[in-house]
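Engineer: Have a look at this one before I ask anything.
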Amino acid sequence: MIRKCKKCGCDALIKNGDWYECPVCGAMMFDISIFVGSLESPTKELEKIDEGKEAGVSFTPIYKSTEKEKIDFDKKNDSDAEEIAAVKKEKKKTKPKKEKAEKEEKPKSKLREGIQFCTPIVIALVIAILLKTFIFANAVIPSGSMLNTIQEGDRIIASRLAYINEEPQRYDIIIFHYPDDESQLYVKRIVGMPGETIQVIDGIVYVTDKSGNITQLRDDFVTNGTPTGNFGPYTIPLDSYFVMGDNRNDSWDSRFWDKKYVEKSKILGKVKFRYFPKPSKIE
């Protein structure tokens, strides 16, 4: 009678006819208990079985174990089989739980990966919005009204913080809301200051201050042709500015607007820098 697998030592063998099958490693072992009380030796009987297998003939052992031995062995075999079946059943119960746990972990992992991927993008967008709203103003120049200082198509940046602690100065280039349509942004140069009277005679700009002193303004930045025309005089309100383009003969500015003056509260910032197509400082 075989109690343990000769290969792996498993003691829960399954009886299959006169053979034992190991459920762990699959080894097959012959039931030599059939040779109990035989006249011939078990070795010779096994040799007969091997010869029969080689010849393709099925072999039925001549000798059988005693009825008592067979009953005892069958009981032991049935007990082992029940134990193995119980183990397999328990494995089947626990396996789906493990698979379910793995499936539940996968969505969490994907969600975590998605959050990790999106977080830097969201942070970058928030920073960009904050910079654009409170620090910088960005604009694309749609016309040649500021030639040759700023070219058509240039992309520029203005500082929103420039006039927090100081007042706008004459000749500053500014981004502001167009007085006749505040949904539009314009870029021009400050020419007239609050309280001054400004007049253009034959393209030359003159200002009269509060004391009555008349000054001809510089125009070295006006390089695209010789300015012409006569405009004014205009008296600039307090806290407002008179602006003109550097391309004086082709600029839609304070000389032609219905609302001729730019209030300080409508100025978004001072133009500082051109970042495209050729990065450079703007003055």
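Engineer: Based on what the data block shows, is residue 203 of a type outside the set (Ser, Thr, Tyr), touching a helix residue (DSSP H, G or I) at 6+ places or on another chain (Cβ under 8 Å) and surrounded by 14 or more Cβ atoms within 10 Å (Cβ to Cβ)?
Structural biologist: For residue 203, the condition - of a type outside the set (Ser, Thr, Tyr), touching a helix residue (DSSP H, G or I) at 6+ places or on another chain (Cβ under 8 Å) and surrounded by 14 or more Cβ atoms within 10 Å (Cβ to Cβ) - is met.
Engineer: Here's something else I'd like to know. Tell me which residues, restricted to the stretch 160-177, are more than 11 Å from residue 243 (Cα to Cα) and in a loop (DSSP other than H, G, I, E, B).
Structural biologist: 160, 161, 162, 163, 164, 165, 166, 167, 168, 169
Engineer: While we're on this one: Please note which strands (runs of 3 or more DSSP E) are completely contained in the stretch 182-283 and include at least 3 residues that are at pLDDT 95 or above and not aliphatic (A, V, I, L, M).
Structural biologist: Filter on the stretch 182-283 gives 185-192, 231-235, 240-244, 267-276.
Engineer: Scan the stretch 153-182 for residues that are among the β-branched types (Val, Ile, Thr) and closer than 14 Å to residue 267 by Cβ and report the count.
Structural biologist: Summing the residues that are among the β-branched types (Val, Ile, Thr) and closer than 14 Å to residue 267 by Cβ in the stretch 153-182 gives 4.
Engineer: Examine the stretch 152-163 for a residue that is closer than 21 Å to residue 281 by Cβ and among the hydroxyl-bearing types (Ser, Thr, Tyr), and state whether such a residue exists.
Structural biologist: Yes: one or more hits.
Engineer: Listed residues 194, 142, 179; which is out of contact with any helix residue (DSSP H, G or I) (no Cβ under 6 Å at 6 or more places or on another chain) and farther than 23 Å from residue 250 by Cα?
Structural biologist: Of the residues listed, the single one that is out of contact with any helix residue (DSSP H, G or I) (no Cβ under 6 Å at 6 or more places or on another chain) and farther than 23 Å from residue 250 by Cα is 194.
Engineer: Kindly indicate whether residue 272 is in the same structural domain as residue 161 (by TED's automatic domain parsing), under 24 Å from residue 163 (Cα atoms) and under 45 Å from the mean Cα position of the chain (by Cα).
Structural biologist: yes
Engineer: Looking only at the stretch 138-180, count how many residues are in contact with a Gly (Cβ under 8 Å, 6 or more places away or on another chain), touching a residue at least 40 places away in the same chain (Cβ under 8 Å) and β-branched (Val, Ile, Thr).
Structural biologist: 3
Engineer: Now for a different question. Which of the residues spanning the stretch 153-179 are at positive phi and more than 39 Å from the chain's Cα centre (by Cα)?
Structural biologist: 171
Engineer: Still on this structure, please answer the following. Would a scan of the stretch 209-224 turn up a residue that is within 30 Å of residue 138 (Cα to Cα) and small (Gly, Ala, Ser)?
Structural biologist: Checked the stretch 209-224: no residue is within 30 Å of residue 138 (Cα to Cα) and small (Gly, Ala, Ser).
The values are calculated or read from the model by the stated rules, or taken from the named source; none is laboratory data. As the structure is a computational prediction, the values presented were derived from the model and not from experiment. Every residue, glycine among them, receives a Cβ derived from its backbone with ideal geometry; neighbour counts consider all protein chains shown.
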